[in-house]
Amino acid sequence: MPRLRRSPAAETAAAVLLLLAGTACGSRLPESDFEHGRTNAPAPSGATPVRVGIVTSATSPVGGSTFTGPRDGAKAWFDRLNAEGGIDGHPVEVRECDDGGSGVGNNTCVRRLIDDDKVVALVATTALDYAGASRVSQARVPDIGGQPIGAAYDTWPHLYGIYGSLAPRDGTPGWGGKLYGGTEVYRYFRREKGARTAAVVSYNQASSAAYARLVVQGLKAEGYKVVTEEVDFALPNFRAAAADLKDQGADLVFDAIDTHGNAQLCRAMDQVGAKVTAKVTNVQNWTSTVADDYKDSPRCRNALWATGSSRNYQDTGNAAVRRFRDATKGLKTHSQWQLEGWAAGMWFTDAAKSCARKGITRACVDAFMNRSENYTADGLLVPVAFERLAEPPKHRRTCLSVARWQDGKGWVSQGDMNSTCFDVPQLPYRP
């Protein structure tokens, strides 16, 4: 049985959950609407450029640099690709659009890139509110390697998220409005680190509480004793929460709070002397800025662990990572999202190269993506696949990438992601 990858869409969404409340992924269209009125970009001829679009919520309520990592990684890939001759002699021309983090802005970006710029594909989409997803799908424009902040990549055909999908993608999220996630992260810490008690910290806010319930459900399925800590969103008392999780003997700390709240929680944990095996964070916080973000909490900082589905951007013993780091050495910071944007650019390139002889069109690139099975981006990704299962899987063999922060070393890989695998149950949740 081939190894299947994890689907961390819920974790990615949780990174911005406080701002996603009330947003939507766009109106739904019946599958029949995808069969008519579609447009296609003309196939490049001679040495004409291959045009791709990148939609990013570069300016948004979350902050200026929150969503730019995938964009920067993809642009670095295309810069390097063009320096090496492009795709069969065709340079790649990148058209960017900042949607401002709003649904209106996202629809504007999608319309401009598809109808006016006539891009062959979208690459490394990172949108707070992907309201234009249905328009992208209706136009049959392949959207390659986007970050699943919402449910769009488990809803629409022709959208191919960086983590793959098993859902029908027929215009309804997941299966009957439910998505499914595995318990591999909790299994890892139980088996590899002997953890038995886990604390889950959340705000008294609807989206935060909903994600916390999902984490608690997964932890209990893996046999943990779970300690829940709820703090006030407006006036959070992180010190009280930290003191209680210390008294309860928590081995692990998970959270459903924002980055600023995490920094405050870590500072409070250091102040009360809470020592844990791991303070577990997600791929969006897997960055080189940890030393500054957690400058006031050295003990908690060195207990930070990150899990994901791509090879550690600091793993320069790997040739593919070295190539990424060499191409991005001019960036002030590095992150896992940059590496995943680089992988998205590579994915588009592999698709376009397969079409070069007969013409790099939307339809040809989409056909390549639709056939994607166990794609790894030269070993940077845990194998990715797209299937359309009629029923949600009850169990999956899933693999994950794990790294731990250590002062002076940065993010240190913990084992190999292609062999850190577990057969785990898949639990339902509503996006």
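Between Gly63, Gly164, Gly100, which gets the highest mean-square fluctuation from a Gaussian network model of the chain, Cα cutoff 10 Å?
Gly63
Just to be sure I understand: with springs between alpha-carbon atoms less than 10 Å apart, which residue in Gly174, Gly69, Gly105 has the highest mean-square fluctuation in the Gaussian network model of the chain?
Of the options given, Gly105 has the highest mean-square fluctuation.
For the range 51-90, with only Lys/Arg (+1) and Asp/Glu (-1) charged at the beta-carbon, what is the dipole magnitude about the Cα centre, in debye rounded to 20?
140 debye
Calculate the dipole size of the range 195-320 relative to its Cα centre from +1 charges on Lys and Arg beta carbons and -1 charges on Asp and Glu beta carbons; express the result in debye to the nearest 20.
That gives the range 195-320 a dipole magnitude of about 300 debye.
One quarter of the convex hull surface, Cα atoms only: what value does that give for the chain in nm²?
Value for the chain: 19.2 nm².
Among the listed pairs Lys275/Lys409; Lys332/Lys409; Lys193/Lys225; Lys75/Lys178, which are separated by more than 23 Å between their Cα atoms?
Numbers: Lys275/Lys409 21 Å; Lys332/Lys409 17 Å; Lys193/Lys225 15 Å; Lys75/Lys178 34 Å.
Those over the limit are Lys75/Lys178.
Could you order Lys358, Lys220 so the one with the most accessible surface comes first? Probe is 1.4 Å.
The ranking, largest first, comes out as Lys358, Lys220.
Can you give the accessible area of Val119 in Å² (nearest 10), computed on protein heavy atoms with a 1.4 Å probe?
Spelled out: Val119, probe radius 1.4 Å, area about 0 Å².
For a quick check of understanding: with a 1.4 angstrom probe and all protein chains in place, what accessible area in square angstrom does Ser102 have, to the nearest ten?
50 Å²
Which Rg and Dmax, in Å, describe the Cα atoms of the range 272-431?
For the range 272-431, the Cα radius of gyration and maximum Cα-Cα distance read 18.4, 65 Å.
Given H placed 1.01 Å from N in the peptide plane, which residues other than close sequence neighbours of Glu230 have an amide H under 5 Å from its amide H?
Ser202
If you roll a 1.4 Å probe over the chain with all protein chains in place, what percent of the accessible area is carbon or sulfur?
Numbers: 7720 of 16620 Å².
Carbon-and-sulfur percentage of accessible area, whole number: 46.
Please find, in a Gaussian network model of the chain (springs between Cα atoms separated by less than 10 Å), the residue of Ala74, Ala121, Ala263 whose mean-square fluctuation is greatest.
Looking only at Ala74, Ala121, Ala263, the biggest GNM fluctuation is shown by Ala263.
What dipole magnitude, in Debye to the nearest 20, does the range 204-252 give about its Cα centre under +1 on Lys/Arg Cβ and -1 on Asp/Glu Cβ? Don't skip to the end; give the middle numbers.
On the way: 5 positive and 7 negative charges, 18 e Å.
Computed about the Cα centre, the dipole is about 80 debye.
The values are calculated or read from the model by the stated rules, or taken from the named source; none is laboratory data. This one's a predicted model, so the numbers in the text were calculated from it and none came from an experiment. Please note: Cβ atoms are built from the backbone with ideal geometry, for glycine as well, and neighbour counts cover all protein chains shown. The area values use the complete protein model at the heavy-atom level, side chains included, leaving out ligands, DNA and RNA. Shrake-Rupley method; radii C 1.70, N 1.55, O 1.52, S 1.80 Å.
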